[in-house]
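Some notes on the structure that comes next.
FYI, it's all coordinate maths here, none of it is from the lab. This one's a predicted model, so the numbers in the text were calculated from it and none came from an experiment. Ideal geometry is used to build each Cβ from the backbone, glycine not excepted, and the neighbour counts take in all protein chains shown.
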Amino acid sequence: MLTGFMGAGKTEVGRVLAHRLGYVLIDVDDEIEKEQSMKIADIFREYGEPAFRDIESAVIKRLSEREGAVISTGGGAVLRQENMDNLRKKGAIVCLTASAETIYERTKRNRTRPLLSVEDPLAKIKELLAIRQPYYEKADIVIDTEERSPLDVAEEIIAGMRVYGKSNG
Ligand code: S3P
């Protein structure tokens with residue numbers, strides 16, 4: 001299960017990881033958009049962030065019952081313990097990290113993220129990272145993606161999952 005801030009590389013790493021494991025990749029945001037027939041930005045605008053978080057939790061709960069899947073979550077999913085508990089049922093929770101500057105560079109051309117559609121996205125990234133840091137640290141495996149290829153990161157995750165699996169029976 002992949003967690004981490006927006007732009008930490010969850011989608012790209014998730015694709016490689018799923019391929020290597022022979023699993024399917026399920027992106028929670030994509031599932032939310034399909035289920036609601038609405039874009040994430042529109043859900044935020046029409047219903048607000050708390051309603052989005054409720055939808056996100058319900059989708060994570062449902063997806064965590066699936067076998068043979070790498071589940072990639074939105075950057076804020078870690079904020080609810082309930083989501084962490086549901087994700088952990090299926091195995092290790094992996095958190096991808098990167099610096100605020102790298103996240104800014106990776107996300108600046110993509111305008112689909114409502115939380116970063118602000119005048120000073122870099123300041124917003126720093127603010128949210130500071131708030132969320134303790135939540136991201138709750139992951140079982142934390143991997144820095146700075147200047148590393150998705151394949152390299154995926155290999156490290158697979159190695160980490162073996163160790164995690166051993167220490168968890
Ligand atoms: C969010 C991250 C987004 C999406 C929504 C909120 C967040 O997903 O769920 O815009 O709170 O960090 P990505 O991390 O896939 O961009």
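Take the alpha carbon gyration tensor of segment 7-48, find the square roots of its eigenvalues, order them as a ≥ b ≥ c, and report rounded if a/c is under 1.5; if not, report prolate when a/b exceeds b/c, else oblate.
Here segment 7-48 falls in the oblate category.
Over the alpha-carbon set of segment 43-169, work out the extent along each principal axis and list the three values in angstrom, largest first.
Computed over segment 43-169, the largest-to-smallest principal extents equal 48, 34, 24 Å.
Gaussian network model of the chain, Cα springs within a sub-10 Å range: biggest mean-square fluctuation belongs to which of P114, P50, P134?
P50
Check which residues have an amide H placed less than 5 Å from D27's amide H, if you skip close sequence neighbours.
Those lying under 5 Å, H to H, from D27 are S72.
As an exercise, identify the trypsin sites (Lys or Arg not before Pro) in segment 77-145 lying in DSSP coil whose Cβ has no more than 14 other Cβ atoms within 10 Å.
Here the sparse-neighbourhood loop sites are K89, K108, R109, R111, K138.
Tally Lys and Arg at +1 and Asp and Glu at -1 over the other residues with C-beta under 15 Å from the C-beta of K108: what net charge comes out?
+2
Could you list which residues have their amide H under 5 Å from that of V142, counting only those 5 or more apart in sequence or on another chain, with H placed in the peptide plane?
Hits under the 5 Å cutoff: C95.
Sum up the lysine pairs in segment 63-162 that clear both bars: alpha-carbon distance under 16 Å and a spacing of 8 or more or different chains.
4
Tell me which GluC sites (Glu not before Pro) from segment 11-120 have a DSSP coil assignment and no more than 12 other beta carbons within 10 Å of their own.
Here the sparse-neighbourhood loop sites are E65, E67, E119.
Taking just the alpha carbons, could you work out the radius of gyration and Dmax for segment 20-84, both in angstroms?
Cα only, segment 20-84: 12.0, 39 Å (Rg, Dmax).
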